[in-house]
There are 2 protein chains.
Amino acid sequence: MPFCLGLDFGTESVRAILVDARSGATMATSVDRYADGVIEHALPGTVVTLGTDWALQNPADWLDGLARTVAGVLSASGVDPADVIGLGVDFTSCTVLPTDARGRPLCQIDGLVNQPHAWPKLWKHHAAQPQADRVTELAAESGARWLPRYGGRISSEWMLPKALQVLEEAPEIYRRAAHVLEGGDWIVWQLTATLTRNACAAGYKGLWHRREGYPSRAYLAALDPRFERFYEEKATGNVSAPGSLAGRLSPAWAARLGLGTDVEVAVPIIDAHAAVLGGGVGEAGPLFLIMGTSTCHLLMASGESLVPGIAGVVEDGIVPGLHGYEAGQAAVGDILAWYVQHAAPASVHDEARAAGCSVHDVLSEKAARLAPGESGLVALDWWNGNRCTLMNSELSGVLVGLTLGTRPEHVYRALIEATAFGTRVIVEAFESAGLAATRLVAGGGLAANPLVMQVYSDVCGRDLEVAGSPQASALGAAMLGAVAAGPDRGGHASLAEAVAHMAPPPSRVYRPDAPRRKTYDELYRCYRELYDAFGRTSDAMPRLRELRVKGVRS
Amino acid sequence: MPFCLGLDFGTESVRAILVDARSGATMATSVDRYADGVIEHALPGTVVTLGTDWALQNPADWLDGLARTVAGVLSASGVDPADVIGLGVDFTSCTVLPTDARGRPLCQIDGLVNQPHAWPKLWKHHAAQPQADRVTELAAESGARWLPRYGGRISSEWMLPKALQVLEEAPEIYRRAAHVLEGGDWIVWQLTATLTRNACAAGYKGLWHRREGYPSRAYLAALDPRFERFYEEKATGNVSAPGSLAGRLSPAWAARLGLGTDVEVAVPIIDAHAAVLGGGVGEAGPLFLIMGTSTCHLLMASGESLVPGIAGVVEDGIVPGLHGYEAGQAAVGDILAWYVQHAAPASVHDEARAAGCSVHDVLSEKAARLAPGESGLVALDWWNGNRCTLMNSELSGVLVGLTLGTRPEHVYRALIEATAFGTRVIVEAFESAGLAATRLVAGGGLAANPLVMQVYSDVCGRDLEVAGSPQASALGAAMLGAVAAGPDRGGHASLAEAVAHMAPPPSRVYRPDAPRRKTYDELYRCYRELYDAFGRTSDAMPRLRELRVKGVRS
């Protein structure tokens, strides 16, 4: 019987899953925490300290984890290694590293271990903000065609600001880098001895476009003359859709993993996008919500539309032949965590302690007993700015309707509702652009919260499915392997087919309640009024932000 | 040497002060808690329970407290009782009781002790809300001239709704009531055997106007035919300005208190208004802020102006010959108390416990270290609606500018600032009507908080004096006694003169800091925009309130 491996490289650990290549049934999973974790203070084994907002990883951790978890699933499942036909990888993004011409990470080269810029920059490395600001400003000034596809703003988390930071702060490291590439692409290069780049990361984080390519030489030279040939020189390698065949397992890695050299290795994908596949969506139409600290909304369609307020669209970004649209809310679970830590009163903490449960549990239980509207509150969920549809990081959160009778569960429910209204705005933005979501499917940590899910269903007036797989990203990666192996080997002919066969059905479907939905329609009207008033008409929030910055400095 | 007594009847206790009639120097004070306190659940000594929102007092407590505290100050001071020349009273209002023709409270008459409506209704008895609504509606429909003087809405706390509730729910009690009168007027009646009514309570709470008198018979009959002659039959007695001579101490009370029958007893005043006098304001011009759970703003001027958004104006209400203007913020200290109880996180409570201080202390100390604007927040202080200038109890509180970096001290300071902005709106409303406050003077519990006072001074860009007397109401009552006694006996010729001689200088003056004021001007601009948006343009808050009421019922 044929099996596939999925490898899910996260922020703190790597997870392997071994599945039946036809049915997707899980045979075993294994997780390995990175020894050096997220490197934020000092380089491992050195006294070299890092600046504010730095976040690195150790590529040795990735490979060690890969080897250990693959050994783990083979041993736990008892599957014959000869029956493994395909292997897929998903990775955080944009996690990016410089290597020499042979693919050796610069941080592993003698004499460079003490150089922070020689190490992989993790997605949440935020120290390239000045570079990001210049990337955006120059693109805006020069009227770059690609800027609107990204909502008019390039994040400090992405490829170009990170590479530019290396050039400016460590020109010698930049010079010595033969390649600058995504962690996922590097892993696949290691495994197959072939360098390819995945269209998902290249498109969403690297400013690549299937038809237009990368930003121009002239633009790069205007950023810095030494940067003119960045893409040509250091970002080489064909860009391919995730699930395409990257190559077969190299003899060295086949030996190290105890697998055959006939294992087909797929072009990788970003972890969030893998969750769409593992969550059961392989076709155009459904909107997939990955709900955690923030929420990422992904929808595939067969053409490129301009969706006002939607930040990223990449052809071949998830499934070949389809355009993947990405929207997002900058804070969701983060708002609830903020509430518990900084605004839930002592009484609620006492109750949680007495009941032996979490503060979230206490608040969820009380909030679940409230009817829509009963809190008297409506909030704007902009605690971390608004990513969609306003693309404005200077916006901030609002609570309206506070009275002397307002209690913690009122606020907690209003915050959940506000994030649901934010999702409804995105759903409607897609609709207005002719991309009405055919289904709503949710994954991620918050999808396990019944109160949150029911509120979202009631607010959107839509069925809301919870993805059946508890490890959707890893399963999605395994699907890439099954497609790379193809039907002749026992895999699948396409991602759509792989998803159809390998994804479990939804674990639960939340259905909207008509009376609750009606009340939410009225509350949503309030939300939209506040949304337009604070997001479009008034400049009160940017002014408050400016006063804050001045105040902090005084 | 001549001395005066001031008696301050509060919600929980009565306080006596004995002062030098010329200089106002305090000789002694004494406080006595009412044995039955605020009666909210069952009538004393009975099993008769009260409805929701009821609040009564026992008139026996008033007299017992009066006798005990007068004995207390005489004994503690060693003053010769023969040297006491005057006595003044202040009282909560509208605290109202029915009596027989001789002034005996109906609750002390055989057979009526079990009748809740036979007892005095305390100012905060809120069970006459249905009656208050009808009083307001009918006045609006019939175009009553007096309604605009009260901001278009009659409170359930006032005389007419309370009397109407007695009529409707206990017509037999209503029939047996020869008089329905204020607690302060009743005390003075007891002491002097002469029934007068003070213009302060009659004007602010009884709908009396010096030139127009009371609401018309036709209006009362439309409320209820049996109510037609309420004022003529049950609200008899001349209305006189506070500090006028009501009469001399009756032989019975002189004997009970150990005082002479030549003690001149003054027409009383409401407790808040007494604080203005005791706080050092006896003339036209200054704005006096009584800052506690809510804030009452009082300003005297020489004519009757229409001040849009200011709720009450009464000729002779405080000082004869002057018009007393009353504005207010419905919640101030209440908002901070709400924050500590329902929104200050466990961490702050832990810090307070560790430091052995209050949560307010911890928050005030941290908030005091912030610069204006540094919180990034601006709030609307409408947790209990907006009394001035919008007169709308359906409005509610707003917080704008929340981020993941918002901390408790940011919110706490923003709430203080919001109440300061609310006061600035009132100061400016007076100014726009040609009544620019010549000074700002604060009294009440919050006046002891240096952070609050400094913020108010910076926000208003004005010097802010803190009244020098820690018991301004009682001192103000004693001033009434000194004026009733007059200069020939060793008192004073007028309230203005009494205040000039008897009030201590401000205990502290807060002065605005120019840079902070400048930042607050910018924040105030945000506040005013929100004020107009939510208070005038948008109906979001009334809609939220309606949804809340529906939600609670569902």
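The values are calculated or read from the model by the stated rules, or taken from the named source; none is laboratory data. Because the structure is predicted, anything quoted here is derived from the model rather than measured. Here the Cβ positions follow ideal geometry from the backbone for every residue, glycine too, while neighbour counts run over all protein chains shown. Just so you know, the surface numbers come from the protein's heavy atoms only, side chains and all, with ligands and any DNA or RNA stripped out. Shrake-Rupley method; radii C 1.70, N 1.55, O 1.52, S 1.80 Å.
Residues in region A:194-249 that are assigned to a loop (DSSP other than H, G, I, E, B), out of contact with any strand residue (DSSP E or B) (no Cβ under 9 Å at 6 or more places or on another chain) and of a type outside the set (Lys, Arg): A:Leu207, A:Glu212, A:Tyr214, A:Pro215, A:Ser216, A:Asp224, A:Glu228. Give region A:513-554 a look and list any residue that's within 7 Å of chain B (Cβ to nearest Cβ) and of a type in the set (D, E, K, R), or say none. A:Glu522, A:Glu529, A:Arg543, A:Arg545, A:Arg548, A:Lys550, listed by residue number. As a summary of the residue check, B:Ala344 satisfies the conditions (1) surrounded by fewer than 23 Cβ atoms within 10 Å (Cβ to Cβ); (2) of a type in the set (Gly, Ala, Ser); (3) in contact (Cβ under 8 Å) with a residue 60 or more places away in the chain except for the one numbered (1). B:Ala498 falls short on exactly one of the conditions (1) under 24 Å from A:Glu529 (Cβ atoms); (2) buried (at least 17 other Cβ atoms within 10 Å of the Cβ), and that condition is (1).
Would you be able to say whether some residue in region A:411-429 is among the hydrophobic types (A, V, I, L, M, F, W, C), touching a helix residue (DSSP H, G or I) at 6+ places or on another chain (Cβ under 7 Å) and open to solvent by 20 Å² or more (accessible area, probe 1.4 Å)? No - not one qualifying residue is present in region A:411-429. The residue that is most open to solvent (accessible area, probe 1.4 Å), among those in region A:161-192 that are without any contact (Cβ under 8 Å) to a residue 60 or more places away in the chain and part of a helix (DSSP H, G or I), is A:Arg175.
If you take the residues of region A:525-538 that are out of contact with any Asp or Glu (no Cβ under 9 Å at 6 or more places or on another chain) and free of Cβ contacts under 8 Å to residues at least 60 places away in the same chain, which of them is surrounded by the fewest Cβ atoms within 10 Å (Cβ to Cβ)? Here the answer is A:Thr537.
Inspect all residues belonging to region B:464-475 and state whether any of them is aliphatic (A, V, I, L, M) and open to solvent by 20 Å² or more (accessible area, probe 1.4 Å). No, because not a single residue in region B:464-475 is aliphatic (A, V, I, L, M) and open to solvent by 20 Å² or more (accessible area, probe 1.4 Å).
Please determine whether any residue of region B:125-144 is crowded, with 23+ Cβ neighbours inside 10 Å and under 28 Å from B:Val265 (Cβ atoms). Yes, region B:125-144 contains a residue that is crowded, with 23+ Cβ neighbours inside 10 Å and under 28 Å from B:Val265 (Cβ atoms). Let me spell it out: the conditions are (1) facing chain B (nearest Cβ under 8 Å); (2) open to solvent by less than 20 Å² (accessible area, probe 1.4 Å); (3) touching a helix residue (DSSP H, G or I) at 6+ places or on another chain (Cβ under 7 Å), and A:Leu402 meets all of them except one. Which number is the exception? Only one criterion in (1) facing chain B (nearest Cβ under 8 Å); (2) open to solvent by less than 20 Å² (accessible area, probe 1.4 Å); (3) touching a helix residue (DSSP H, G or I) at 6+ places or on another chain (Cβ under 7 Å) is unmet by A:Leu402, namely (3).
Suppose the filter is out of contact with any Gly (no Cβ under 8 Å at 6 or more places or on another chain), within 11 Å of chain B (Cβ to nearest Cβ) and of a type in the set (A, V, I, L, M); does A:Ala344 pass it? Taking the combined requirement at face value, the residue satisfies it.
Within region B:452-489, the set of residues being assigned to a helix (DSSP H, G or I) and not hydrophobic (A, V, I, L, M, F, W, C) comprises B:Gln454, B:Tyr456, B:Ser457, B:Asp458, B:Ser473, B:Gly476, B:Gly481, B:Pro487, B:Asp488, B:Arg489.
Only a single item in (1) in contact with an Asp or Glu (Cβ under 7 Å, 6 or more places away or on another chain); (2) outside the structural domain of A:Asp64 (by TED's automatic domain parsing); (3) not basic (Lys, Arg) is not met by A:Ile290, and it is number (1). B:Gly434 meets all of the listed conditions (1) more than 10 Å from chain A (Cβ to nearest Cβ); (2) open to solvent by 50 Å² or more (accessible area, probe 1.4 Å); (3) on the phi < 0 side of the Ramachandran plot but one, namely (3). None of A:His342, A:His323 is outside the structural domain of A:Val239 (by TED's automatic domain parsing) and more than 21 Å from A:Trp146 (Cα to Cα) except A:His342. Of all residues in region A:95-121, exactly one satisfies the criterion of being surrounded by 22 or more Cβ atoms within 10 Å (Cβ to Cβ), out of contact with any Phe, Trp or Tyr (no Cβ under 9 Å at 6 or more places or on another chain) and touching a residue at least 60 places away in the same chain (Cβ under 8 Å), namely A:Trp119. Please go through region A:250-287 and pick out each residue that is in a helix (DSSP H, G or I), hydrophobic (A, V, I, L, M, F, W, C) and without any contact (Cβ under 8 Å) to a residue 60 or more places away in the chain. Once the filter is applied, which keeps residues that are in a helix (DSSP H, G or I), hydrophobic (A, V, I, L, M, F, W, C) and without any contact (Cβ under 8 Å) to a residue 60 or more places away in the chain, region A:250-287 yields A:Ala252, A:Ala254, A:Ala255. Once region A:349-399 is narrowed to residues that are open to solvent by 10 Å² or more (accessible area, probe 1.4 Å), part of a helix (DSSP H, G or I) and among the small types (Gly, Ala, Ser), the residue that is farthest from the other protein chains (Cβ to nearest Cβ) is A:Ser364. In region A:307-327, the condition of being part of a loop (DSSP other than H, G, I, E, B), within 11 Å of chain B (Cβ to nearest Cβ) and surrounded by 24 or more Cβ atoms within 10 Å (Cβ to Cβ) is met by no residue.
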